[in-house]
Amino acid sequence: MSPVESAPAAPATDTSTRRQAEQPNSRKSFLAADTSRVPAETGLRGFLTKLGIRIAPSKRELVERANTRAVSQHWPGPRTISVVNGKGGANKTPTTVMLSSVFARNGGGPVLAWDNNETRGTLGWRTEQGPHSATVMDLLPQTDQLLAPSAQSALLARYVHHQTEDKYDVLRSKPDVLASEQKVTAGNFDDLHEVASKYFRLNIVDSGNDETAERWLRMIHHTDQLVIATTTLEEHAEAGALLLEALQARGGRYAELSQNAVVIVSQSDKNGTAAQAQEITDGFAHLARCAVTIPYDAALHKGRIRWGSLKPATQRAWLSATAAVAEGL
């Protein structure tokens, strides 16, 4: 008898058991993947869709959809975005307003625009006032009450100004008094930030120009995403670049914020060109994660800023800029 013939028979194995062992988790799901594409909704293609002719969306519409998804996300825990530039008039306040508008209008949930400027902060002047005149200095003595377990979110309406059209809230400073009368220490800022983080999912901070102030430095400590606001004026761009370089030189957390920063370059002159803005943007390429440009729009240059007053091209640019910021959260 040959060795093969004399070998004991292999034990019987259940076919289904062997198949599962060989191919774990190989069962095909009964749920089909959603591969359908929503047809065009805007422009001529969108018009044809309404007539019953299904047309694929254009490349621009696909980009806008991706940007809208990015700014509509909710993150696990509150996030703080700080808008900075050591030079006055560099477009920090309009940038704060527009980021707040885009996040609030798309993502829902509470968004706060916070004026952290102790020297003539103008966020309150550029936004809608609520049925009171409260500022950050009125909120500060109430932080313990607002942080109490029994505190209700509706109480915050006494201190912030809701933007009825663009759906975010504003914590104002008091630009008609001296900086010495609205001093905010590092400890004060921590208390205010704790309140803001309890009641808002996104805190977008409009900073002052003094990079040595306690409130400015403490703002940086709490920042998750840094935004450099600048116009196409050379001195504004240079101030923003110097700030990024200074943070990079400090190393550690400061360097991380600098490397991950988003630079938003707003065209400040109606007679300026896109090429001028692009030149500034290109100059920040090695200093920050990305830089984006915003075209000139008269609606951003004086008076109350409202999303609905912007030109469509400006709205698309701000949507794209806000999506870039969202990527860092």
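The values are calculated or read from the model by the stated rules, or taken from the named source; none is laboratory data. All figures in this text were calculated on a predicted structure; none of them were measured in a lab. Positions of Cβ are generated from backbone atoms using ideal geometry, with glycine treated the same way; all protein chains shown enter the neighbour counts. Side chains are part of the model used for accessible areas, which takes the heavy atoms of the whole protein and leaves out ligands, DNA and RNA. Shrake-Rupley method; radii C 1.70, N 1.55, O 1.52, S 1.80 Å.
The table for this structure:
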{"read-out": "Aspartates and glutamates with Cα under 13 Å of Lys167, excluding same-chain neighbours fewer than 8 positions away", "value": "Glu128"}
{"read-out": "Antiparallel bridges, percent of DSSP beta bridges restricted to the chain (to nearest 5)", "value": "5 percent"}
{"read-out": "Per-selection Rg to Rh, the range 27-152 - Cα, Kirkwood hydrodynamic radius", "value": "1.13"}
{"read-out": "Rg and Dmax of the range 193-244, Cα atoms only, in Å", "value": "12.9, 39"}
{"read-out": "Calculated P(r) tail over 20 Å for the range 119-189, as whole % of Cα pairs", "value": "34 percent"}
{"read-out": "Long-range HN-HN contacts of Ser266 with modeled amide H, under 5 Å", "value": "Thr230, Thr231, Thr232, Ile294"}
{"read-out": "Cβ-placed point charges (K, R +1; D, E -1), dipole of the chain about Cα centre in debye, nearest 20", "value": "1300 debye"}
{"read-out": "Those lysines that a straight Cα-Cα span of less than 26 Å connects to Lys50, excepting residues fewer than 8 apart in one chain", "value": "Lys59, Lys311"}
{"read-out": "Qualifying lysines (Cα of each under 19 Å from Cα of Lys183; at least 8 residues distant if same chain)", "value": "Lys174"}
{"read-out": "Sparse-neighbourhood loop sites, trypsin sites (Lys or Arg not before Pro) in the range 52-114 - DSSP loop, at most 12 other Cβ within 10 angstrom", "value": "Arg54"}
{"read-out": "Descending Cα extents along the principal axes, the range 198-329, whole Å", "value": "40, 37, 27"}
{"read-out": "Vicinal HN-Hα couplings computed from phi for the range 67-77 (Karplus, 6.51 cos²θ - 1.76 cosθ + 1.60; Hz; Gly/Pro x)", "value": "5, 5, 4, 4, 7, 9, 5, 10, 9, x, x"}
{"read-out": "Percent accessible area from carbon and sulfur atoms, the range 96-236, protein chains only, probe 1.4 Å", "value": "49 percent"}
{"read-out": "Neighbour-limited loop hits for trypsin sites (Lys or Arg not before Pro), the range 250-286 (at most 15 other Cβ within 10 Å; DSSP other than H, G, I, E, B)", "value": "Lys270"}
{"read-out": "Computed over the chain: relative contact order in percent, which uses C-alpha pairs under 8 Å that are six or more apart", "value": "21 percent"}
{"read-out": "Binned Cα-Cα distances of the chain, short to long, each 10 Å bin given as a whole percent", "value": "5, 23, 29, 18, 9, 6, 4, 3, 2, 1, 0"}
